[in-house]
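The values are calculated or read from the model by the stated rules, or taken from the named source; none is laboratory data. Please read these numbers as outputs of a predicted model, since none were measured by experiment. Cβ placement follows ideal geometry from the backbone for every residue including glycine, while neighbour counts extend to all protein chains displayed. SASA here: full protein model, heavy atoms, side chains in, ligands and nucleic acids out. Shrake-Rupley method; radii C 1.70, N 1.55, O 1.52, S 1.80 Å.
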Amino acid sequence: SYMALEPDPPNFEALKRYVSSLPAGVASRIELLALAAYSSRQRMRIAGSGSAAAALVAVDGLPDSNDVECLPLDELLTGRRMSFLKLDIEGAEPDAIKGAAAAIKRDRPIIAVCVYHLQNHLWRLPLLIASLVDDYSFYLRPYNEEGWDLVCYAVPRERSLPGAA
């Protein structure tokens, strides 16, 4: 089964529409949650709601319609195993990885994490993952026409293809 988190209400509705368009056997295996992965349980706000660049920002006052619930993936994954973790969350990737540290250590998933939102993520995120688990190989792959959408793949040794080191 798959767990898909999308905290931004307009983007969550688009995700629901997309999943409902999939064959029933596929759609029934996807659990949609209107939550944000983060390092701690807290309320944050969505800036740029509805866009591809919607991002979490600190709450600066009274509750707002763009507020979302954030929680560590370790809480969501109690009693579940994680085989693959994909993070493209507009700069909150380090916090999400910290909030999934126990599951990453326990399950040793393949991780696909965007490293282009902040310049230091290019080295900070692979180092963070390496601090949690041993024997991972790291690969960088650019996407998009200009190659700016850079993704780091972290693959545990036991799940690497032969000769792929």
When every residue in region 31-51 that is open to solvent by less than 50 Å² (accessible area, probe 1.4 Å) and hydrophobic (A, V, I, L, M, F, W, C) is compared, the one nearest to Ala103 (Cα to Cα) is Ala37
Scanning region 87-99 for residues that are out of contact with any His (no Cβ under 7 Å at 6 or more places or on another chain), open to solvent by less than 30 Å² (accessible area, probe 1.4 Å) and not in a helix (DSSP H, G or I) gives Leu87, Ala92
Selection from region 106-133 of residues modelled with pLDDT under 95 and open to solvent by 80 Å² or more (accessible area, probe 1.4 Å) yields Leu118, Gln119
Tell me, please, whether a residue that is assigned to a loop (DSSP other than H, G, I, E, B) and farther than 21 Å from Pro109 by Cβ can be found in region 65-86.
yes
Within region 18-44, the count of residues that are of a type outside the set (Phe, Trp, Tyr) and in a helix (DSSP H, G or I) comes to 6
Selection from region 144-165 of residues within 16 Å of Ile89 (Cβ to Cβ) and either surrounded by fewer than 16 Cβ atoms within 10 Å (Cβ to Cβ) or among the basic types (Lys, Arg) (or both) yields Asp149
Item checked: Ser28 at pLDDT below 95 and open to solvent by 50 Å² or more (accessible area, probe 1.4 Å) -> no
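Which of the residues belonging to region 93-105 are closer than 15 Å to Val151 by Cβ and either of a type in the set (Asp, Glu) or at pLDDT below 95 (or both)?
Glu93
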Checked pairs for region 11-38, first touching a residue at least 24 places away in the same chain (Cβ under 8 Å) and among the aliphatic types (A, V, I, L, M), second part of a helix (DSSP H, G or I) and surrounded by 13 or more Cβ atoms within 10 Å (Cβ to Cβ), C-beta under 7 Å and 6 or more apart or across chains, list as Ile30/Val19; Leu32/Leu15; Leu32/Lys16; Leu32/Val19; Ala34/Phe12; Ala37/Leu73; Ala37/Ala96; Ala37/Gly99
